[in-house]
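These notes are about the structure you will find just below.
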Amino acid sequence: MGLTPPDGAVGKLCRYAELLLEQNKVMNLTAITQPEQVARLHFLDSAAILAWPAGGGAGWLSGKSLIDVGTGAGFPGVVLKILEPSLSLTLVDSIGKRVAWLENVCKALSLDNVRCLHARAEELALEEGFRDAFDAAVSRAVASFPALCELCLPYVKVRGRFIAMKSVESGQEIRNGENAVKQLGGRSLPGWDYPIPGGEVTHRLVCVEKIAPTPKGLPRSWGKIKKAPL
């Protein structure tokens, strides 16, 4: 993918995989349980954000602040932190047991400048210090694109980026989110379809630039977001 892992990164990724598969025996973290599949479908897939051509090169997240909304087992945020150690990372998930496990993972991997927060994304985005506060927001396999825009764009600074990780069959879903992008202060950037090395899987990065502050009153409650997408 044109990326050069920093010293120690491969060892940390291997340890991360071990911790993931061990914890998966007692907690539902992933349906992917073969180590080679974890490497390709979780790690390489997450790493694609660093390889995004429109980002400006492999170091486009260097020294930046990133929030991973609905991080689950830590994808893509933990992988990005391992591959770009200068990243200031915030992981957010609504399930407390996952967040507690992620805190232990970050300690085991000696990852600094990482916050693991048990919170609902639509509520945390209203708090001072989180709204309009991050250089980038990412989300993977969380919700439909219109809903993701409302959950994630409020976190992003003006001139920052929101990246949703989607399938290549997401065209209509993305078109359905065009109104949400505009209402939330964003503008769509060209997406990027990328093959995951070592297989026949192709995924898509859907990219939005924040060009204006998100209006007050957004995001709404999760019930309203689901019932009446922007």
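Some observations on this one:
- 222 nm mean residue ellipticity, helices alone, for the chain (DSSP H n ≥ 4; -39,500 (n - 2.57); rounded to 500): -8500 deg cm²/dmol
- The aspartates and glutamates within cross-link reach of Lys216, meaning a Cα-to-Cα straight distance under 15 Å and a gap of 8 or more places when in the same chain, are Glu122, Glu123, Glu127, Glu128, Asp132, Glu150.
- Likely footprinting exposure, His42, His203, fewest C-beta neighbours within 10 Å first: His203, His42
- Per-q log10 I(q)/I(0), region 134-186, q = 0.24, 0.27, 0.32 Å⁻¹ (Debye; single scatterer per alpha-carbon; no solvent): -0.90, -1.10, -1.36
- Counted over all Cα-Cα pairs of the chain, pairs farther apart than 23 Å make up 44 percent.
- Antiparallel content of DSSP bridges confined to region 9-227, in %, to 5: 45 percent
- Principal axis dimensions, largest first and in whole angstrom, of region 124-230 by Cα: 43, 29, 21
- Legend: ranking of residues Ile211, Ile225 from fewest to most surrounding C-beta atoms inside 10 Å; resulting order Ile211, Ile225.
- Pairs of Cα atoms nearer than 8 Å and 6+ residues apart set the relative contact order; for the chain it is 17 percent.
- Distance between region 45-60 and region 152-230 - C-alpha centres, whole angstrom: 17 Å
- Footprinting exposure proxy for Phe134, Phe75 (fewest neighbouring C-beta atoms within 10 Å first): Phe75, Phe134
- Ignoring lysines fewer than eight residues from Lys166 along the same chain, the ones with Cα atoms less than 25 angstrom from its Cα are Lys64, Lys81, Lys157, Lys182, Lys210, Lys224, Lys226, Lys227.
Values in this text are rule-based calculations from the coordinates and carry no lab data. Keep in mind the model is a prediction, meaning the values are calculated, not measured. Every residue, glycine among them, receives a Cβ derived from its backbone with ideal geometry; neighbour counts consider all protein chains shown.
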